[in-house]
Amino acid sequence: MKNDDMLREHLVDLLGGGHAHLDFDKATAGLPVELCGARPLGLPHTPWRLVEHMRIAQWDILRFCIDPHHTSPEFPDGYWPQGDAPPDPGAWDRSIVAFQADLRAIKDLVADLHTDLFTPLAHGQGQTILREALLVADHNAYHLGQLVTVRRLLGAWRDE
């Protein structure tokens, strides 16, 4: 196996969670809908705000990588949902599905042998696909840890 192939394989694994990282599906599974908008005392986020923030940020990074005409949301407000709770009964599930689809697209982009991981993107300021993939993995890991903390404080997390 060539080094480039090995790097791609490691990146895809890192993006998917597992090993030393929690995966998105486990972190979001089984959360009662009535707790999606619940905020533990002393913490700034609800499960909804964290998941939707992760979705928006990951979507933005993916679009930046593949669309040179993409315009990012206004920082920081454009990266967070307006309210603490999903705006309608289907919003949580739509956010989960959209997050999973964008994560799959990022993993596919990284795994594609035609994707240059190292050359700076022409429309960026030095960013590479490698850097953006690592940013997604790091950002997701950080907020998944927050999500587990929120769920624990809400009594909605079981260690297995």
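Laid out as a table, the results:
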| item | result |
| --- | --- |
| Residue list for segment 99-113, restricted to those being surrounded by 16 or more Cβ atoms within 10 Å (Cβ to Cβ) and not aromatic (Phe, Trp, Tyr) | Asp102, Leu103, Ala105, Ile106, Lys107, Leu109, Val110 |
| Total residues in segment 72-124, condition in a helix (DSSP H, G or I) and touching a His at 6+ places or on another chain (Cβ under 7 Å) | 1 |
| Residue in segment 45-63 that is open to solvent by less than 20 Å² (accessible area, probe 1.4 Å) and part of a loop (DSSP other than H, G, I, E, B) present | yes |
| His69 in a loop (DSSP other than H, G, I, E, B), at pLDDT 95 or above and in contact with a His (Cβ under 9 Å, 6 or more places away or on another chain) | yes |
| Which listed residue, of Pro81, Pro89, is more than 19 Å from the chain's Cα centre (by Cα) and either under 27 Å from Gly37 (Cβ atoms) or aliphatic (A, V, I, L, M) (or both) | Pro89 |
| Residue within segment 23-34 that is of a type outside the set (Val, Ile, Thr), touching a Leu at 6+ places or on another chain (Cβ under 6 Å) and either over 30 Å from Gln125 (Cβ atoms) or surrounded by 14 or more Cβ atoms within 10 Å (Cβ to Cβ) (or both) present | yes |
| Breaking point among (1) among the polar types (S, T, N, Q); (2) over 30 Å from Leu41 (Cα atoms); (3) surrounded by 14 or more Cβ atoms within 10 Å (Cβ to Cβ), for Thr149 | (2) |
| Meets criteria (among the hydrophobic types (A, V, I, L, M, F, W, C), open to solvent by less than 20 Å² (accessible area, probe 1.4 Å) and farther than 21 Å from Val97 by Cα) for Leu11 | yes |
| Close pairs from segment 10-30: first of a type in the set (Ser, Thr, Tyr), partner modelled with pLDDT of 95 or more, Cβ under 7 Å, at least 6 apart | Thr28/Val51; Thr28/Ile96 |
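The values are calculated or read from the model by the stated rules, or taken from the named source; none is laboratory data. In this text the structure is predicted, and so the values were computed from the model without any measurement. Please note: Cβ atoms are built from the backbone with ideal geometry, for glycine as well, and neighbour counts cover all protein chains shown. What goes into the accessible areas is simple: the full protein's heavy atoms, side chains included, and nothing from ligands, DNA or RNA. Shrake-Rupley method; radii C 1.70, N 1.55, O 1.52, S 1.80 Å.
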